[in-house]
Structure formats: C-alpha cells, structure tokens
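The values are calculated or read from the model by the stated rules, or taken from the named source; none is laboratory data. Just so we're clear, the structure is a prediction, and the values are computed from it rather than from any experiment. Here the Cβ positions follow ideal geometry from the backbone for every residue, glycine too, while neighbour counts run over all protein chains shown. Calculation scope for accessible area: heavy atoms of the full protein, side chains included, ligands and nucleic acids excluded. Shrake-Rupley method; radii C 1.70, N 1.55, O 1.52, S 1.80 Å.
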Amino acid sequence: MLFKLSLKNMKKSIKDYGIYFLTLVLGVAIFYMFNSLDSQEAMLQVSNSQRSIIKLMIQTLSYISVFVAIILALLIVYANNFLVNRRKKEFGIYMSLGMGRRQISKIILIETIFVGIISLLAGLVIGIFASQFMSILVAKLFEADMSEFKFAFSKAACLKTCIYFAIMYAVVMIFNTLTISRYKLITLLNASKKNEKVKIKNPFLSILIFIIGATILGYAYWKVTADVKSLTKAQMLLPPILMGITGTILIFWSLSGFILNMIQLNKNIYLKDTNMFILRQLNSKINTMVISMSVICLMLFMTITILSSSLALRNKMQKDLIEMTPVDLNLIKTANLPERTINRYGKEVIYSKEQIEDSKLTILQTLKNNEFDVTNLKDIVEIPTYAIDDLTWGKTLGNKLDEIRKQYADLQYETAETIVKVSDYNKIASLYKIDKYNLEDDEYIIVCNFKSMEELRNQSLKDGTKLEIAGKEYKPKFNECKPGYIEMTSSHTNTGLIIVPDSCKLTNEDKEKQLLVANYNTNSEEEKEKIEEIFTDENSTLIKNLTNKGFEIDGNTKISLIQSSVGLATIITFIAIYLGIIFLIASSAILALKQLTESSDNKQRYIILRKIGCSEKMINKSLFRQIGIFFMVPLILAIIHSIFGIQFVLKLLENLTSDEELLPSIIVTILVMGGIYGAYFTATYLGSKNVIKEE
C-alpha cells in the first residue's frame, strides 16, 4: 500500500520533482564524465610524458570530486528540504487519518529511493555518452593519435558515482526521517497558512547598511586591483576575501529594506500593471533569503571568474608556446666550475678534475666526447653568457633601488646579472627570428619579456642609469627594456639580459654558462621523436655517459615544453570547468527550487489577481518579471565582483595571461552560463506557470 501511495504521490508531485530531478541527473552525469577519463587513457597514442600528465590530471580530478560530492550533497539536502516543506499539509492529513510518523517516513524513503534510482540511471546514461566527447576533447588537447579510439565504459567511474550518490541519498533519507519526527500535527496542517516571518526594516537603517556594504566592497575591489602590489603573501588575501563576503551579505540584507520604499515614491512605476505585486513578492523573498542569495552570488562570481580566467590562461599559454619555442633544442652548461662550492641548500660540493676540465669545453665538444652523433643536429649556434660579481640586479636599478626595495623586499638584489655580447645575441635572435640590435662602444641594452620585472627595470633606464662593466662605463641606448630572450621557455620568463658591445673586455674567467641552440636534422616527426629520446630518455647512451661522469647539461626541448605546458593548461581548464559547472548548477537549482516553492505557496494570491480582473497574459508577464529579477539580482552583483576578480587574476598572472585572451574566454563563459542558468530559468518559469494555473 505504501509503495502504491508513493508512486501516486510521485505522479502528483512530478512538477515539484522536475527541478530536483534535473539537478540530480546533471550532477550524476557531470560526476561520471569527469571521473571516467581513465577509460580512454590507455587507448590514446601519446608519449610517456603526456601519459603521465593525463594520469596526473585524472588523479587531480578524483581529489576534486570529493569536494564536488560535498557540494552536491549539500545541494540535494537543501533541495529535498524544500520538497518536504511543500508537502507539510499532505503529511498532516496522513497523520490525521491515523498514519504514524514511521509510515510517513517510509513513504518518503520509497520516493527518495525511486527518484534516486531513476536520476542515477538517467544521469549515468547521459554521462556515458557525454564522456565519449570528453575523451575526444582530451585527445585533441594532447594531439593524440585516435586510431584506436572506441566507445568506452568506465566501471571505476560508474562504481564511484553510484557509491557517492548512494551516500548522498542515505543522508537525505536520514534528514527526512529526522525532519518528520520533529513536526507536530497542528504544525503540518497549518503549514500552508503559515507565512515566513518578515521583519519590516527601517529604510534609513537599510540605506546606511547599503552604503557601508558598498564601501566595504569598494575598498576590497581597490585592494585587489589598484593596490594589488601590497598583496605579496597568501595570508594578505584573506582580508579582501572576508570584506567581499561581508559586503555581499550587507548589500542583500539592505536591498529589501529600501528598494521597495524608493520605487513607491514613483507612483507611475509602482502602480503600473502588477508592479506593486511583483515588488512586494521580491521584497519578501530577498528579505528571507539574505544568506542564500549571498552564497548564490558568490558561487556565480566564482563560476564567472574561474571559467574566464582559466580559459584565458590556457589560450595565452598556447599562444606563448608558439612564440617561445622557435627551435627544437636548448642546452645549457655551467662554465668554469671551481674545485668546490656551496650549493643552494648550504652543502659543500666538490668537483672532480674531469668535471672542471669539461666545464671549459663547449657543449658541442662535450656531446662529441660522449658518443653523440652531431649530424643529428642542424642550425647549431653556441654562445657564452657572462656574469661578474660587481654587476647585480641592485646595481642595474641605480638610484631607484631603495624605492623598489621598499615595494619588493623579497627580490634577490645581490644576484649577478647575465651579460651577453651583442653579436652572440644576434646569432640567437637570427635563428629565433626575433629583433636584432646594434650598439655603440659605450652603450648597453636590457632585453626582457617578464612584464613586472620590465616595469621595474624601466624606472632605472628612464633615469639613464650608467653601468660599469669590465672597467668601462656604459650608458643605456634606450630608456626602456626591449623584447628578447635567449633560452626557450613555455612563457615570457626572461627577467632581463644585459646586452653589451663586442668590444666589452669580458674574459674567459667571466664566462658563466654555455648555451647551445639547434634544430633536429630532419623534417620527419618520427625521426624528431627518436632524436628527442637521446636528450630526454634516461636510458640513452648520451644521458648514461653524462651521468656516469657527473657532467651536468641542462636544457629544454620544444617537444617536452609543449607537452608539459599543454598538460598543465589542460589540467587547469578541466578543473575550472568541473568546479564552474557545479557551482553554476548549485546556484541555479537553489534559485529555481525557492521560486517554485514560492509560486506554490502564493497560488491563492494569483487566484485573487484573477478575481480582481487580471488577465492570464498579465499574470504570466508578472510571473516572468518576478522570476527574471529574482535570477538577475545575484547575477548582476556576481558580474560586478567578477570584473574586479578577473582584473586581480590578470595582475597576479600578468606574465601568463593578457587582456587580449580574455574576450574569447568571456564569450565561452557567457555561453556556458547562458545555457545552464537560462535552462534553469526557463524550467522555473514554466514550472511556476503550471503551478499557479492549478485549481
């Protein structure tokens, strides 16, 4: 009997369960999708380094899934609470007819299990098919060979999803049982007549609180944008974050206290159509949902900021990779090793005679001496770089040093600058196809592409800071840094190179490093991979010989830089999309469920509107406006937060992203948010429209 009653209740309450069911299905599908990447990983034809990155991404997403599960669990409990409250009167009637609390709990238990099984199956089916597209996306991002790609099902992801959601449903069942056991019969029977207590706020106090909240937010915005340089440590970010949260709560607390009063002053607006009804309904809702609206706003803010920033970061990293990897190979070797030195960990290092002798040779000679066939390389350029103790970062900053040190106390101002002769630099620049430079005998140039360091150096260059190098004074040719670099990296990380004339009397003892730049002597991708392994595989003859002799040759290859950077960018993107969509679903679902509950509770009010002469078109228009404003209020404040939040991220990662990459990512974010947020808005409007039509 209880089973049949539960099924009838399910059919009768299908409109109430619609948003709840949609949320569960989306949650299950997304959870499965992001945990099923391992199902295709073995079939993708990728390199070992790429495979390790994909495994790292899968492992990272599995940790993130625990956090996501907690968010979904809270959301499901919250949504279920609305459904239980909606049916208080129904449960009261059951109790008045002699049904005990235990039997009512069993009815809810059966309904929860039924909804859970259907949503789990539907979500898994959607997730299984959608995960195939996710696997294709991963393959495309890693440029993997998809010749062995096929439809795949992840048993591990399916089992994990079932376990996590079973735990969530169990929590919901316990919550429902405890909730029903608390209610008295009179409370349940009068539930529909009992309105939420709404305290009328003093409009003057509300305006004051609004001004205080806006001021707090304004100061937080200023701290993370104009004064971002003061936020040099992680703990310094806590005050602006707390101010943002506090300001948001104060804004929502104060809104319902004065917006209605302000609009009432304009009779043309207030008395037009059903505006009076709409405004009072919204005033009541915002008044009773201050914390909920604040949480929703902050989740929407995180969604916008995370998605926009991560996509912009990925686009910029891909663009930088093309620019910063112009050749196949960079090798670096320390020159003029001493007999002994102290490493960065404070330990003494003693070098052998063989190591010291090798440090005086060029990299090309070292490669030849260790059984490397140099015909594997072409376009070979090898140059020395220099460093002298008298020329440090602090010296090149000139009179601006004390001023800059106050702002950036943690910089290593005693670090020796790297010096390169202009003809050597131009050899590299010619191969890299970047700008070459000319110098007079008494001039120097600083080339730099690390934005924040460039700004610091430009301060001293504008002052015309002169440098003494190898016994001669040099003046800056330009009053600003010029773009350039000599070492391949995945992004703009050159903090500065001092370019001096060839006539500069630097000696062999001043040599700091040797830099070799070259391309692989083949146009075949397969052959390039084979040459690549000589420099990256620990089992290659070259690596073994160098390791056995203690010779240290560092460097980067184009292939390894691209693979590692693409992997990092992909991990960031996937985590951002995962969290962003979950936050978005949670925000939308809470708003939708609250509005549907309100529509059901206010059904009598809509009947009164019909009785006083309002047409269905007017009532539907009123409902649409009410829901639209209800959905837009937290979104508008979230967008304002995001404008400053994204600026903060751009300043924090100024060397890794830029304004140019932001527009495409914002467009993608708008499309994603428009799709999910818009779907919930539409479902809420249609659901509410059906609810208020009921007789």
Taking the stretch 500-513 and keeping residues in contact with an Asp or Glu (Cβ under 9 Å, 6 or more places away or on another chain) and farther than 10 Å from Tyr386 by Cβ leaves Pro501, Asp502, Ser503
Does Ile553 satisfy the criteria of being farther than 30 Å from Tyr474 by Cα and buried (at least 17 other Cβ atoms within 10 Å of the Cβ)?
yes
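Being part of a strand (DSSP E or B) and either open to solvent by 10 Å² or more (accessible area, probe 1.4 Å) or among the aliphatic types (A, V, I, L, M) (or both) is true for just one of Asn548, Asn523, Asn519. Which residue is that? Working first, answer last.
Numbers: Asn548 fails: part of a strand (DSSP E or B); Asn523 fails: part of a strand (DSSP E or B).
Within the list Asn548, Asn523, Asn519, the selection yields Asn519.
Do the conditions hold for Ile174, that is, is it modelled with pLDDT of 75 or more, farther than 29 Å from Thr573 by Cα and either within 32 Å of the chain's Cα centre (by Cα) or part of a helix (DSSP H, G or I) (or both)? It would help to see each step written out before you state the result.
Working: modelled with pLDDT of 75 or more: yes; farther than 29 Å from Thr573 by Cα: yes; either within 32 Å of the chain's Cα centre (by Cα) or part of a helix (DSSP H, G or I) (or both): yes.
Answer is yes for this residue.
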Looking across the stretch 455-484 at residues that are under 41 Å from the mean Cα position of the chain (by Cα) and of a type in the set (Gly, Ala, Ser), the single one that is farthest from Lys511 (Cα to Cα) is Ser460
Within the stretch 392-431, how many residues turn out to be open to solvent by 30 Å² or more (accessible area, probe 1.4 Å), farther than 17 Å from Glu512 by Cβ and in a loop (DSSP other than H, G, I, E, B)?
4
Tell me which of these Ile296 doesn't satisfy, since it passes every other one: (1) modelled with pLDDT of 75 or more; (2) closer than 30 Å to Ile640 by Cα; (3) open to solvent by 20 Å² or more (accessible area, probe 1.4 Å).
(3)
Go over the candidates Thr495, Thr489 one by one and state the one that is assigned to a loop (DSSP other than H, G, I, E, B), under 12 Å from Thr396 (Cβ atoms) and of a type outside the set (Asp, Glu).
Thr495
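Which helices (runs of 4 or more DSSP H) does the stretch 19-110 wholly contain that include 2 or more residues that are more than 22 Å from Ala130 (Cα to Cα), open to solvent by 50 Å² or more (accessible area, probe 1.4 Å) and at pLDDT below 70?
Numbers: elements: 38-41, 48-86, 88-96.
By residue number, 48-86, 88-96.
Say we look at the stretch 435-481 and pick out the residues that are in a loop (DSSP other than H, G, I, E, B), of a type outside the set (Phe, Trp, Tyr) and open to solvent by less than 50 Å² (accessible area, probe 1.4 Å); which of these is farthest from Leu652 (Cα to Cα)?
We begin by selecting, within the stretch 435-481, every residue in a loop (DSSP other than H, G, I, E, B); these are 435-442, 448-450, 463-466, 470-471, 477-481.
If we keep only those that are of a type outside the set (Phe, Trp, Tyr) as well, we get 435-436, 438-442, 448-449, 463-466, 470-471, 477, 479-481.
So of that shortlist, the ones also open to solvent by less than 50 Å² (accessible area, probe 1.4 Å) come out as 439, 448-449, 464-465, 470, 481.
Values: Leu439: 35, Cys448: 19, Asn449: 16, Gly464: 29, Thr465: 29, Ala470: 38, Cys481: 21 Å.
The residue in question is Ala470.
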Pairing a residue in the stretch 668-695 that is more than 21 Å from Phe301 (Cα to Cα) and among the β-branched types (Val, Ile, Thr) with any residue that is in a helix (DSSP H, G or I) and open to solvent by 70 Å² or more (accessible area, probe 1.4 Å), where Cβ atoms lie under 8 Å and the two sit 6 or more apart in sequence or on different chains, gives Val691/Lys15
Kindly establish whether Ser665 is more than 30 Å from Ile76 (Cβ to Cβ), open to solvent by 20 Å² or more (accessible area, probe 1.4 Å) and among the small types (Gly, Ala, Ser).
no
Residue within the stretch 602-620 that is open to solvent by 20 Å² or more (accessible area, probe 1.4 Å), touching a Phe, Trp or Tyr at 6+ places or on another chain (Cβ under 9 Å) and under 30 Å from Ser490 (Cα atoms) present
no
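I'd like to check which strands (runs of 3 or more DSSP E) are fully inside the stretch 308-391 and have at least 2 residues that are without any contact (Cβ under 8 Å) to a residue 40 or more places away in the chain and open to solvent by 60 Å² or more (accessible area, probe 1.4 Å). If you could, list the steps in order and put the result at the bottom.
Values: elements: 329-334, 340-342, 348-350, 377-386.
Qualifying strands (runs of 3 or more DSSP E): 340-342, 348-350.
Can you tell me which residue among Lys421, Lys433 is out of contact with any Cys (no Cβ under 9 Å at 6 or more places or on another chain), of a type in the set (Lys, Arg) and modelled with pLDDT of 90 or more? Before you say what the answer is, go through the steps one by one.
On the way: Lys421 fails: out of contact with any Cys (no Cβ under 9 Å at 6 or more places or on another chain).
Answer to the check: Lys433.
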